[in-house]
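Visitor: Pasting a structure below so you can have a look.
Coordinate-derived values only; no laboratory data. Quick caveat, the model's predicted, so the values are computed rather than measured. Because the Cβ atoms are built from the backbone with ideal geometry, glycine has one as well, and the counts that use them run over all protein chains shown.
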Ligand SMILES: [Zn+2]
């Protein structure tokens, strides 16, 4: 990212410092960690039926198939999509989704790359006519009785870590009553440590970067203090999830769920208690 754009975003940040978006229009909060192979894709439906998708997996069609299996055929409207960063295993399914659904709001860092998929993403979101929200412009998105805190990246993180696309992943936390979920994209422990002073205490943690040993450090885990950790991982040649991370999670006594073992993982909550449904043993 050039300095000019950083300055422009800084300026925007000052102007819209305390802007809070409200997407409001009952049941449980449902979070489904789709089994998309080696990549991330999470579908969230709030008690008031707002739909959010964080990342879209590596395949072209997989997300579309998964979404059509959990949404009614007549509903072609998604309230919010979040792209954590433009790597293939997070961005690829969004192209078909944008072709087939009306997306109202799009949240991302605004930091693209020179890859063709990143250029295609910017082209498509501009054509979509959606409200485009940049992570460093806002603190919260309110979806009825669910609040999404946007924790990273802010201008400081973008400027310091933009050499590594993983580290400027959008990190967000969803809260409903006493329940909470933290979504970390592919950040490494360098950025996890930057967040130690933030409100990151959470019940359900989406483990960063598919269980890479360079993420999910002890300091971060002790601050987040999750009950459940979900690893979005499929067949891969990186050794994900690493024994280092599995050991750290085990040392903290955290229940681990993995897409490569459990298939699609659905966690629903009434705001206090959690129910886990998986489609494989
Ligand atoms: Zn990834």
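Visitor: Where does each of 45, 128 land when they are ranked from fewest to most other beta-carbon atoms within 10 angstrom?
Guide: Neighbour counts put them in this order, fewest first: 128, 45.
Visitor: Give the order of 227, 64, 80 when sorted by the count of other beta carbons within 10 angstrom, beginning with the fewest. The partial results should precede the final answer.
Guide: Working: 227 12, 64 19, 80 23.
Fewest-to-most Cβ neighbours within 10 Å comes out as 227, 64, 80.
Visitor: For a quick check: sort 90, 73, 240 by the number of other beta carbons within 10 angstrom, fewest at the front. Let's see the in-between values first.
Guide: Numbers: 90 28, 73 6, 240 21.
Result, fewest neighbours first: 73, 240, 90.
Visitor: Just need log10 I(q)/I(0) for the stretch 52-129 at q = 0.11, 0.12, 0.15, 0.26 Å⁻¹, Debye formula, equal scatterers on the alpha-carbon atoms, no solvent, rounded to two decimals.
Guide: -0.24, -0.29, -0.45, -1.41
Visitor: Pairs of Cα atoms under 8 Å, at least six residues apart: use those to get the relative contact order of the stretch 45-173, whole percent.
Guide: Worked out over the stretch 45-173, it gives 23 percent.
Visitor: Please compute, over every Cα-Cα pair in the chain, the percentage with a separation greater than 32 angstrom.
Guide: That tail contains 16 percent of the Cα-Cα pairs.
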